[in-house]
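Please read the structure below before turning to the comments.
The values are calculated or read from the model by the stated rules, or taken from the named source; none is laboratory data. Computed from a prediction, not measured in an experiment: that's the story for all the values here. Heads up, the Cβs are rebuilt from the backbone with ideal geometry, glycines too, and the neighbour counts pull from every protein chain shown. Side chains are part of the model used for accessible areas, which takes the heavy atoms of the whole protein and leaves out ligands, DNA and RNA. Shrake-Rupley method; radii C 1.70, N 1.55, O 1.52, S 1.80 Å.
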Amino acid sequence: MEGITVLVDKCVGCKLCIKTCPYDAIDLVDKKAVINDRCTLCGACVEACHAYGAIVIEGWEPVQTGDLSIYTGIAVYVEHRHGKLVPIVPEIIGAALELKEQLEGQVKEQSGGDTPVAALLIGSGGSGLAQELIEYGVDEVWLVDHPDIHELAEDTISDVAVQIISEKKPAIVLGGGTVIGRSLLPSIASRLRTGLTADCTELTIDAESGLLRQTRPAFGGNIMATILCENSRPQMATVRHKVMNPAPRRPGREGTVVTFDVPVQPSRFEMLEFVAEEASAVNLADAEFIVSGGRGLGEPANFRYVEELAKALGGAVGASRAAVDAGWIQYSHQVGQTGRTVKPQIYVACGISGAIQHQVGMKSADVIIAINNDPDAPIFSIAHYGVQGDLFEVIPELVRQLKETA
Ligand SMILES: Cc1cc2nc3c(=O)[nH]c(=O)nc-3n(C[C@H](O)[C@H](O)[C@H](O)COP(=O)(O)OP(=O)(O)OC[C@H]3O[C@@H](n4cnc5c(N)ncnc54)[C@H](O)[C@@H]3O)c2cc1C
């Protein structure tokens, strides 16, 4: 494999690397390790072989070890566009504040420590947003407002973020699972030689170790995996939109703005024009009421039941993947792991069983109402209100009563 070398003289054939490799990319040939083309250059074998130093990767440095306790506090990467925070930012701050509370609860029992939450605000025009971030609850804003850093200059932003994080040493860095966040945050993590869990649906602090528990769907959504970053810092994660509770804004709240004077390299990206996406007819992400239909509707025409209830509530129509796959409704209505993640005030699931892949997209709704004729349907385990019955009877009655009280 290019880039990775086994120093045959040093290899003792101990097989430690083979046991460690997560990709089954090492064979033992004549009692020597041989790397095959499944290798991703992840470096796990280099660490496993540190006693013998028989495996080397060109330009690879081991992850940071040493005193990890010098890393403290939480930093939130702030995405902004056209002088405004993108909608996920208050949600990430909300997640950070909940983690702060958990960490301080634990640490105070031990040593009385404090966990500051900082906002990493990089880019042209950023200073106009600092006060808003403080009002959402951050203690400090780490600011680089430079005219050359446009909002899509990911390479420059990554470079600046790495410099600030290396200096301030936060224990946790969070970002949004947005188009930009999904590309920028891994670039920062890889340059800091630390791990990152993408698209988390839950973040908590491990009561025993104080480590960040980063939970996300895995293996096609069939299990929820909780990932810990034990040996390097910061612990990094991106979070899904509409999953975490947004921090409330407290006008007039006070905090500190720290301006960084770091070298800013020119970006390789030039922004030529911004073309706004045409507003979608289905805006599930911002809907306050959503009525979703599933396979229990039986046929496409029966979506009219769901539409009527949505109309009576003044809400939007959602759907399970089964309904979308059957061609009963367009994909833009799909809620779930491979559809939209939503967080309405009220989510009504009609004829939806509540598979884990559906739940991932809607379980953060304030109130979940399930209508299903199967008392054992999993949707009832997360519903705040459940109606066990035939949706073709229940929905018209609900609509009738809503119209009466309107
Ligand atoms: C990788 C992957 C990604 C996926 N992503 C998604 C996703 O994004 N979103 C998603 O929804 N699914 C997703 N799925 C599919 C998911 O696993 C389920 O198959 C799907 O959610 C089932 O849809 P459903 O609840 O409509 O259908 P079913 O599971 O068939 O449930 C139908 C329900 O309707 C009830 N019912 C039937 N008749 C009536 C009636 N007359 N009155 C009341 N209730 C009735 C039944 O009791 C049943 O509970 C994904 C699966 C995989 C493997």
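Assorted remarks:
- Remark on the chain: C11, C14, C21, C39, C42, C49, C200, C229, C350 stand apart, with no other cysteine beta carbon under 4.7 Å.
- Per-residue SASA entry for S381, accessible area with 1.4 Å probe, Å² rounded to 10: 100 Å²
- Taking V275, V86 and ordering them by how much accessible surface each has at a 1.4 Å probe, largest first, produces V275, V86.
- Taking all Cα pairs closer than 8 Å and separated by 6 or more residues, the relative contact order of the chain comes to 12 percent.
- Computed with a 1.4 Å probe over protein heavy atoms only, the accessible area of Y71 comes to about 40 Å².
- Carbon + sulfur, % of accessible area of the chain - ligands and nucleic acids excluded, 1.4 Å: 50 percent
- Convex hull of alpha carbon positions in the chain: directionally averaged projected area 25.4 nm².
- Among the trypsin sites (Lys or Arg not before Pro) found in the stretch 1-106, those both in a DSSP coil and sparsely packed, with 15 or fewer other Cβ atoms within 10 Å of their Cβ, are K10, K15, K31, R38.
- Using C-alpha pairs below 8 Å separated by at least 6 residues, the relative contact order for the stretch 68-259 is 29 percent.
- Selected from S292, S183, S209 as most flexible by GNM, with the chain as the system and alpha-carbon contacts under 10 Å: S209
- Contact order relative to length of the stretch 4-57, as percent, for alpha carbon pairs under 8 angstrom and 6 or more apart: 45 percent
- Antiparallel bridges, percent of DSSP beta bridges restricted to the chain (to nearest 5): 30 percent
- Solvent-accessible area per residue, Å², over the chain with all protein chains present [probe radius 1.4 Å]: 51 Å²
- Site-free segments of the chain were taken between GluC sites (Glu not before Pro) in DSSP loops having at most 11 other Cβ atoms within 10 Å, sites themselves excluded; the longest one is 59-207.
- Whether the stretch 335-388 is rounded, prolate or oblate, judged on the alpha carbon gyration tensor where a/c under 1.5 counts as rounded: oblate
- Taking the square roots of 5 times each eigenvalue of the Cα gyration tensor of the stretch 68-259, largest first, gives ellipsoid semi-axes of 24, 19, 16 Å.
- Annotation: lysines with alpha-carbon distance below 26 angstrom to K100 (same-chain offsets under eight excluded): K84, K108, K168, K169, K242, K343, K363.
- DSSP-defined beta bridges in the stretch 196-349 - what % are antiparallel, rounded to 5: 40 percent
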